[in-house]
Amino acid sequence: MSSRIVVESRALDRGKNQRMTRFLLAMLAYIVPTFPLGYVWHLVAFKDRYDALQVYRDDIVIPFGLLSMLVQSIAWAYLYSRLFAGETVLRGAAKFAALAAPIAWSFMVVAVAAKHHMASVAGFVWIETAFIAVQYLVVSPLIALAFHHKER
């Protein structure tokens, strides 16, 4: 094998490893803040409000919530890598939030409000919309940072 081919092969391997590392970092950038934020928001800080809304079961299945976050993290990391990688952190975060937050809002707020019994649909929509806003204000820049390319 010529030395040029070996060098090119190593460069390709390094690029593949960097892409995988960025992808995994983006997944973590979603899961790591989302789980504690969601736990504290729903089960501590606003527990009384959610209890009054009568929308959640008494025996919340936390592993399902984690599984949901894992699936979402894969989808968001993939979409970010295809649509916004290479953007500046601020621009990438803003574009990602503008895409992801309304999609998340549609299935985490609107669909739930449409299907579940609750004491106040408007109350649920308001508090969950606030959660989505805070969540994507936090995770969008972190995902953008995971895909940020430092110039050398």
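Each reported figure results from applying straightforward, stated rules to the coordinates on display, with no laboratory input. Here the structure is a predicted model, which is why all the values come from computation and not from measurement. Here Cβ is always computed from backbone atoms with ideal geometry, including for glycine, and neighbour counts include all displayed protein chains.
Give the residues of segment 86-115 that are closer than 16 Å to TYR56 by Cβ and surrounded by 14 or more Cβ atoms within 10 Å (Cβ to Cβ), sorted by residue number.
Hits for segment 86-115 are MET108, VAL109, VAL112, ALA113.
Report every pair of residues separated by at least 6 positions or lying on different chains whose Cβ atoms are under 7 Å apart, first residue within segment 83-112 and of a type in the set (Val, Ile, Thr), second in a helix (DSSP H, G or I).
Note: pairs meeting the criteria are VAL89/PRO141; VAL89/ALA144; VAL89/LEU145; VAL109/VAL125; VAL109/GLU128; VAL109/THR129; VAL109/ILE132.
Return the residues of segment 130-152 that are more than 15 Å from the chain's Cα centre (by Cα) and either closer than 25 Å to LEU53 by Cα or β-branched (Val, Ile, Thr) (or both); say none if nothing qualifies.
Pass one, segment 130-152, residues more than 15 Å from the chain's Cα centre (by Cα): 130, 148-152.
ALA130 - this is the single residue of segment 130-152 that is more than 15 Å from the chain's Cα centre (by Cα) and either closer than 25 Å to LEU53 by Cα or β-branched (Val, Ile, Thr) (or both).
For the subset of segment 142-152 comprising residues that are part of a helix (DSSP H, G or I) and in contact with a Phe, Trp or Tyr (Cβ under 9 Å, 6 or more places away or on another chain), which member is farthest from ALA93 (Cα to Cα)?
Checked segment 142-152; the qualifying residue farthest from ALA93 (Cα to Cα) is ALA146.
Only one of ALA119, ALA101 is within 28 Å of TYR50 (Cα to Cα) and not in a helix (DSSP H, G or I); which?
Among ALA119, ALA101, only ALA119 is within 28 Å of TYR50 (Cα to Cα) and not in a helix (DSSP H, G or I).
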